[in-house]
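Note sheet for the following structure.
The values are calculated or read from the model by the stated rules, or taken from the named source; none is laboratory data. Small disclaimer: the values here were computed from a predicted structure and weren't measured. Cβ placement follows ideal geometry from the backbone for every residue including glycine, while neighbour counts extend to all protein chains displayed.
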Amino acid sequence: MTIHLLYAFAGVALCGIGLFGFIRLDHLLRKLMAFNLMGSGVFLVLVGLAQRVGQPDPVPQALVLTGIVVAVAATALAVVLIRRYYHLSGQITLAEPGREPVKKPAADAHREGPTE
Amino acid sequence: MTLWLMAGLLFTPLAWAVLTLLVDFRKGRVVTWLGILVQVLVSLALWAAVASDGGFYYFLGGWQAPLGIELRVDGLAVTFVLLTALVAAACGWHASVYLDPGKSWHRYFWPLFWFLWAGLNVVWLGGDLFNLYVGLELISLAAVGLVALGGQAAALRAAIRYLMAALLGSLAYLLGVALIYGQFGTLSLADVTALLSDGTVAAGQTFPLVLMLFGLALKTALFPMHGWLPPAHGIAKSPVSALLSALVVKASFYIAARLWLDLGGHLGGYELAQLIGVLGGLAVIWGSWLAFRQTKLKQVVAYSSVAQIGYLFLLFPLTWGVTDAISLQAQQGITLQVISHALAKAAMFLAAGNLIMSVGSNRVDALAGVSRFLPFSLFSFGLAGVSLMGLPPTGGFAAKWLLLQASLASGQWWWLGVLLAGGLLSAAYVFRVYQASFIDNTDTDHFFHPPKSLEVIPLILALLSLGLGLVAEPVLSVMALPFEGSSR
Amino acid sequence: MIFASAPFVLLSVMLPLVSVLLALRADWQQIYRYCLPVLPLPALLMGLLAEPDWWLELPGLLIGGLWGADDLRRVFLLLTAALWLIGGVFAIGYLKDHKLRRFCVFWALTLVGNLGLVVALDVASFYSFFALMTFAGYGLVVHEGTDEANRAGRVYLAMAVVGEMAILSGLLMAAQLAGSGLLADLPAAIADADRRWLIMLLLLAGFGVKAGLPLLHFWLPLAHPVAPTPASAVLSGAMIKAGLLGWLVTLPFGEVSLPDWGNGLVLLGAVGSLGGAALGLCQQRPKAVLAYSSISQMGLITLMVGAALANAEAAAPLFAVMALYVLHHGLAKGSLFLSTAMALPASRGGQWLMWLLIALPGLSLAGLPFTSGAASKLAMKELLKPDRFDFAMAAYLPVLMSAGAVATMLLVWRFLWVQRADASTGSNPPFLWLGWGLATVASVVLFWLLPWHADVPQKAWLSAMVQDAWSLFWPILVATLLAAVALRLVKQR
Amino acid sequence: MSLSVLMPVFALMTSLLASVVLFALPEKGYRLRTTINLVAAVVKIALVAVMIWGIARGREYEAAFTMLPGVEFVLRADALSMLFAGLSALLWLLTTIYAVGYLEDSPNRSRFFGFFSLCVASTMGIALAGNLFTFFLFYEMLTLSTYPLVVHRGTRKSLRAGRNYIIYTLTGGAVLLLAIAWLHGLVGDLRFQEGGHFAGVDPSLQVPLTIIFVLLMTGLGVKAALVPLHGWLPQAMVAPAPVSALLHAVAVVKAGAFGIIRVVFEVYGLEAAEAMGLLAGLALVAAFTIIYGSTRALYQIDLKRRLAFSTISQVSYIVLGLCLFGPLGVMGGLVHLVHQGIMKITLFFCAGNYAETLGVHRIDELDGAGKRMPGTSVAFTLGAFGMIGAPPLAGFITKWTMGAGALEVGMDWVVAVLVVSSLLNAAYFLPILHRLWFAEQQQAWPHERRWGRLETSPWLLWPPLVTAVLLVLAGILANVPFSPLSWAELIVLREVAL
């Protein structure tokens, strides 16, 4: 059991926690946080596993950098969408409006603008 | 020459994207028309180059893996590049007429469109696992943005749901990549394969492969992980739906297929292959059934995508543990299915958009009497439907034929049922739409007539998918081209 | 040989068919009416003037056609053409304008069938013409459109179709065995067939429907009376003989001796001739009586058919006599049927003369000396002597013939009786006179002039009749006595 | 490219191009549409006539290219295909004329004629297909192109009929595809070949080949309306009369029958099929269908439904003929392909005329129609007698030849089937004829239209008259060269090496 493997296992644990949150949480921002947690876990695995040769390997580090950029971009997009969504519907979960008890009468659930 | 072509494929779309980001919708439209022309020409040129000289590996900027970007340019890849150029050009053209320039947020369509195109090309040509990941993410983010372009709360809900699924899938894939790298120390698919076949590194557990396949299947909306697809495809603007169904889901499938064909033999197993096949089969049946039950036109088409994607996953059982000939047959069949579904589904979504535009409602039963007024869009819809049903002479039929042959030859006769029943079920939902349009006793007597160019585009796509079956042999022969010299 | 040349043959058979074109326009129907007697004229000329044993090949027709005539067919052709001609003349005066076109069309079509089947030498055209006659005949039967006519038509059609099918299967099997499409090859093939009984049964039954064989006759007394009178005349006089011709050209006469079949047919003939007469006596309408008389007469011919089947050597001369009998019966019966539509003149003398002329063909049927009936009866008697045959029923042939003659005469009396009750007095259109007159003359006089079958046994007819006058006469006498007794009984009651 | 390659392609293209042009025409272009229709039909007849002439002199016409790995697309004109192609080219012209008159004022004519031409193109393709794969291609195309014709009226009833039609035929198509794919996997791409491929085949293949045969017959039997796969046909009657005429006489039903002929003759080979014992079962099914169809027809009061059941019965004559396994029987089956087409199209034209001119659909409303519409009624009468098999009409030639064929090979029960069927035919046709000619008109016609002095529009009147003349000629001149019977004989001599 090297230190690197320890990192890797920590990464796996982070992933697990993130996944749990991602699935269980309804609040969109929390979901997003869970995703980021999971992402960190994966990066940790990537860096941790690859170091087992002994020598520091530059490749995973470069990859993780790229990965972080991607994750940031995705997070940004998600935040924008969630904000806009909240703005339009007043909701912070993905539940269908029709299934929520008070919001609107159920009959309107399927009537969406005439164009599409 | 090759340098220019490769740069043209990967970087110019990004350039168009940046360019259109800076201007408004109408100017962006002009830029896009120019860009489409360039991209189509470049794609054709690359296709011609590969068709005459064979495939090759290309290292961008001369950098070798692992840090450089390795591109694998073979017959299959260029075919998909060309397909992308074709479908994207059609959708772009259609969108330039279809989208309302008056809505300010529509200007973002163009950059997203170009990012998507760039991402797709990256995936088709990418030779190492991490680049594929980047391409995939690029596609996902652009696609989510396009879905959100609809503007209403429902569109955003669908977009967010889509985004969440895509992100989860990406992470699963990335984790798999990490594990693979940890085991093999390389990201190049070709190197991993070489290591496996040399026996230098012992074939490890199936887990990384399963993880990657899970992520990709989620992004491809394989049953039972298809929940995000119909809302997203159904709610998006028609050209967007067309792009998503025709190309985006194919990108993740393409990666899965490459992984399976290269690694599946060593890392996969019979049970895994059959499991994926069964899920695909269930997707065919269940997706078709749901498509039959939908009341909204675009939902019908969207669920039909779920079903058609199911066919693709028959690749897994039909290529595992069989002779090369059968495997080749199955691969060819799946490739044809990808192409014909891309063309047909794009045509179908675009035609459905036209139909909805002209009757002013998105319900199937609102189509009553439309056959009298909109023969062209309806005709395109019908022709595309024929391809989905897998009736001759369409590409869908050619694909089905090859898959039937592969199933028979490999002794896995149970897939016959899926193939035949799937065809009949798709006939059920396609004919439901037809039938509605043939009803004659209707009160509605005035329909809005869409511009002619909107009608022509789906017709062209539909005719292409129809004619694909007739030219399947030459198309397949390009795909099967060997690499130029076997060494890299 | 112009009368046996291809154009003339085609003309004589096809002229009625072409005439159907006259029905295209409603205002041509009067022309059509006057054309009716012309239609069988070429065929009559052909029958009279063309020497027998000509033939005409029509290779493109159906599955290879061959038309022609031999002695037997010539007689049938003569009878058919003559009777249809007379009927046509009569029809000019008889027909009303109502549905005239339709009647003319069916008349012409039936005529084509009847003429064609006589000259057809190959199976396919024979069967074609036969079927045409059958189906077009339906139009004549139901022409009046009454419920009775429709019912009669239904029975006629049902039985005819079943008959057609029996004929078709029989011909098919025979032709298959013969490996040929020619009628002439069938008898030999049937004689050698493993399933001779089946083929013969089918053909006997199939043609028997048309010929009014007992148990297959039900349509006949229904259909003949309801048709318009000229149609009844040709139905009973000519078309009924088509069934007989069918027997004569297909069954294995002269190939093998089949005593069992002979017995059966003689039995059937006896039932037909006596049973038909018995039923006929109960009829109230003149045409129904005549229809049963036809059954009875066909029964007598069936006796000869049976005898010919039973003894191969006897077949050829019997054919000749049958032809003679056919000619005689056809003309006489035609005349009788036509007379049912005649109104009696007002004067008493005229009435007597009229009754005499009406009765004359009837008496001829019964075999009154010096009539056509006597000639055929004598020839028949000569050939049916029991010592010529050795099958079980042969011994009863003379008795049956005598009984048949008595029965015939009784029917004639019955006919005259009901006709008297039925007849009206008044004037007749000229064409009725002409038609009926022609028929009577043909039956009484022309019969002797028409060409007979070449094989009719040569006899000194006049002297023979004088010799046999008694044997010819006593049945008539017996019948007359019986009739008188019956009359007395009826009057007393 | 030589002419021998181009001829079959041209023959296919005439109607395909016509259909594309017709789709694009505006609804009001009445004159232009009619012209295009007629010109295309006449050109097609000319092309087919040239090919018939050439084939009679021993020329060959073939066009082929590879479509999928190991699978060829083959168009080939041989004597057998000309039998079907000639029939459809001829009847297409007549049906087009009829349809122009029939649809004079109705909506959606562009759509109708477009699909109509497409349908004929598929039929031509089926006739010219040179292997099973190509055959299947056009077979399915036919299914699709006829659906819009069946539902043309857009009423609930027609939509239901269309749905049933599509369910039956597509399922049949799926079964057929399975069979063809299996066969292909087993023995590779099989061109239609005189005498078939399986003479003296490896015994180990017997079982799969038998199963495949059953599957093939099931797939083709749907269109050929073999009992119990016939359910769609009577329902499809709601289609406009020209469509019914085409469905019954030329296109759909015949496509199935023609496929059966191809499979039995030129894939399996008559002798091989007989040796494997496949024909006996097929003969039984066909015989049962003949009797069943006729019996059901007796009980129909709707004229077109009665005709539909009659079709079910009549088409099986073709199949039964094949199973007789002798030159004459086969000839009878082949010639009935043409004869039944001509006779049935006549009957449907006439039924359409009664419906269109008088508004009469039921048989008991036909009383006295012969007086009002003599031309139509004459044609109907001839058609009905032809169906009964009365000589000297076309139907008689069939029955005679088949009967002789059956006796030749000792299958005497077939004669009984023929006789019973003829009796039933007579039982359901003759009452109609009685009503036409001898019954008095009872009430006013339900929905009468007048055309001045003529009984009906000349567009509607001439086609049935012409086909009636044809069916008489096909019977009377059966022995003349190029008659259907002579052509069938030629096929038997050339192709079915018995």
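Inside segment C:34-137, counting only helices (runs of 4 or more DSSP H) that do not spill past its ends, which hold 2 or more residues that are modelled with pLDDT of 90 or more and under 26 Å from C:PRO187 (Cα atoms)?
Filter on segment C:34-137 gives C:71-94, C:100-119.
State all residues of segment B:370-398 that are free of Cβ contacts under 8 Å to residues at least 40 places away in the same chain and either of a type in the set (Gly, Ala, Ser) or away from chain D (no Cβ under 11 Å) (or both); if no residue qualifies, say none.
B:GLY390
Test each condition in (1) surrounded by fewer than 21 Cβ atoms within 10 Å (Cβ to Cβ); (2) more than 10 Å from chain D (Cβ to nearest Cβ) for C:VAL162 and report the one that comes out false.
Evaluating C:VAL162 over (1) surrounded by fewer than 21 Cβ atoms within 10 Å (Cβ to Cβ); (2) more than 10 Å from chain D (Cβ to nearest Cβ) leaves (2) as the failure.
With the requirement that a residue be in a helix (DSSP H, G or I), surrounded by fewer than 18 Cβ atoms within 10 Å (Cβ to Cβ) and either aliphatic (A, V, I, L, M) or within 14 Å of chain B (Cβ to nearest Cβ) (or both), what does segment D:180-218 give you?
D:GLY185, D:LEU186, D:VAL187, D:LEU205, D:VAL207, D:PRO208, D:ILE211, D:VAL214, D:THR218
Among the listed residues C:GLY426, C:GLY437, identify the single one that is without any contact (Cβ under 8 Å) to a residue 12 or more places away in the chain and either under 22 Å from C:MET354 (Cα atoms) or touching a Phe, Trp or Tyr at 6+ places or on another chain (Cβ under 7 Å) (or both).
Selected residue: C:GLY437, the only one of C:GLY426, C:GLY437 that is without any contact (Cβ under 8 Å) to a residue 12 or more places away in the chain and either under 22 Å from C:MET354 (Cα atoms) or touching a Phe, Trp or Tyr at 6+ places or on another chain (Cβ under 7 Å) (or both).
Scan segment D:38-73 residue by residue and report those that are of a type in the set (Lys, Arg) and assigned to a helix (DSSP H, G or I).
Listed by number, the list holds a single entry, D:LYS44.
If I filter segment D:418-449 down to residues being assigned to a helix (DSSP H, G or I) and of a type in the set (Phe, Trp, Tyr), which single residue comes out as nearest to the other protein chains (Cβ to nearest Cβ)?
Applying the filter and picking the extreme gives D:PHE438.
Report, ordered by the first and then the second residue, all pairs with beta carbons closer than 7 Å, sequence separation of six or more or different chains, a first member in segment A:83-97 that is within 22 Å of B:GLY227 (Cα to Cα), and a second member that is among the charged types (D, E, K, R) and not in a loop (DSSP other than H, G, I, E, B).
Pairs found: A:TYR85/B:ARG157; A:LEU94/B:ARG157; A:LEU94/B:ARG161.
Among the residues of segment C:138-149 satisfying the criterion of being farther than 19 Å from C:VAL234 by Cα and assigned to a helix (DSSP H, G or I), which is nearest to the other protein chains (Cβ to nearest Cβ)?
Only one residue fits best here, namely C:ASP147.
Can you name the residue in segment B:68-106 that is among the charged types (D, E, K, R) and either touching a Gly at 6+ places or on another chain (Cβ under 6 Å) or buried (at least 22 other Cβ atoms within 10 Å of the Cβ) (or both) and is also farthest from B:GLU455 (Cα to Cα) among such residues?
B:GLU70
Scan C:ALA189, C:ALA175 and give me the residue that is in a helix (DSSP H, G or I), away from chain D (no Cβ under 11 Å) and farther than 24 Å from C:MET298 by Cα.
One residue alone meets the criteria, C:ALA189.
Mind checking whether some residue in segment B:138-159 is more than 10 Å from chain A (Cβ to nearest Cβ), closer than 19 Å to A:ARG84 by Cβ and modelled with pLDDT of 90 or more?
The answer is yes, given that some residue of segment B:138-159 is more than 10 Å from chain A (Cβ to nearest Cβ), closer than 19 Å to A:ARG84 by Cβ and modelled with pLDDT of 90 or more.
Within segment D:246-280, take every residue that is under 9 Å from the mean Cα position of the chain (by Cα) and modelled with pLDDT under 85 and give me the one that is surrounded by the most Cβ atoms within 10 Å (Cβ to Cβ).
This residue is D:LEU246.
Collect the residues in segment B:15-37 that are among the β-branched types (Val, Ile, Thr), in a helix (DSSP H, G or I) and over 22 Å from the mean Cα position of the chain (by Cα), keeping them in residue-number order.
B:VAL18, B:THR20, B:VAL30, B:VAL31
For (1) surrounded by fewer than 17 Cβ atoms within 10 Å (Cβ to Cβ); (2) within 17 Å of D:TYR317 (Cα to Cα); (3) within 24 Å of the chain's Cα centre (by Cα); (4) modelled with pLDDT of 90 or more, each residue gets a yes or a no:
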site	(1), (2), (3), (4)
D:GLY410	yes, no, no, no
D:VAL417	no, yes, yes, yes
D:TYR428	no, no, yes, yes
D:ARG435	no, no, no, yes
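Would you call D:ILE491 of a type in the set (Val, Ile, Thr), touching a Pro at 6+ places or on another chain (Cβ under 6 Å) and touching a residue at least 12 places away in the same chain (Cβ under 8 Å)?
It is false that D:ILE491 is of a type in the set (Val, Ile, Thr), touching a Pro at 6+ places or on another chain (Cβ under 6 Å) and touching a residue at least 12 places away in the same chain (Cβ under 8 Å).
List pairs: first in segment A:10-30 and within 23 Å of A:ALA76 (Cβ to Cβ), second surrounded by 14 or more Cβ atoms within 10 Å (Cβ to Cβ) and of a type in the set (D, E, K, R), Cβ under 7 Å, 6+ apart or cross-chain?
Between residues of segment A:10-30 that are within 23 Å of A:ALA76 (Cβ to Cβ) and residues that are surrounded by 14 or more Cβ atoms within 10 Å (Cβ to Cβ) and of a type in the set (D, E, K, R), the close pairs are A:GLY21/A:ARG30; A:PHE22/A:LYS31; A:LEU25/A:LYS31.
Taking segment A:7-24 only, how many residues are within 11 Å of chain B (Cβ to nearest Cβ) and within 28 Å of A:GLU96 (Cβ to Cβ)?
Total satisfying the criteria: 4.
For segment C:88-137, name all the residues that are more than 10 Å from chain D (Cβ to nearest Cβ), small (Gly, Ala, Ser) and out of contact with any Phe, Trp or Tyr (no Cβ under 6 Å at 6 or more places or on another chain).
Within segment C:88-137, C:GLY88, C:ALA91, C:ALA108, C:GLY137 qualify.
What number of residues within segment B:451-477 satisfy the criterion of being in contact with a His (Cβ under 9 Å, 6 or more places away or on another chain) and under 14 Å from B:LEU343 (Cα atoms)?
3
So which of D:THR376, D:THR311, D:THR357, D:THR401 ends up being among the polar types (S, T, N, Q), buried (at least 24 other Cβ atoms within 10 Å of the Cβ), out of contact with any strand residue (DSSP E or B) (no Cβ under 6 Å at 6 or more places or on another chain) and within 11 Å of chain C (Cβ to nearest Cβ)?
D:THR401
Considering only residues that are assigned to a helix (DSSP H, G or I) and not aliphatic (A, V, I, L, M), which ones fall in segment C:294-332?
Of everything in segment C:294-332, those that are assigned to a helix (DSSP H, G or I) and not aliphatic (A, V, I, L, M) turn out to be C:SER294, C:SER296, C:GLN297, C:GLY299, C:THR302, C:GLY306, C:PRO317, C:PHE319, C:TYR325, C:HIS328, C:HIS329, C:GLY330.
Within segment C:35-59, track down each residue that is exposed (fewer than 15 other Cβ atoms within 10 Å of the Cβ), within 14 Å of chain D (Cβ to nearest Cβ) and within 16 Å of C:VAL13 (Cβ to Cβ).
Residue satisfying the conditions is C:GLU57 alone.
Does B:LEU328 satisfy being at pLDDT 90 or above and facing another protein chain (nearest Cβ under 9 Å)?
For B:LEU328, the condition - at pLDDT 90 or above and facing another protein chain (nearest Cβ under 9 Å) - is not met.
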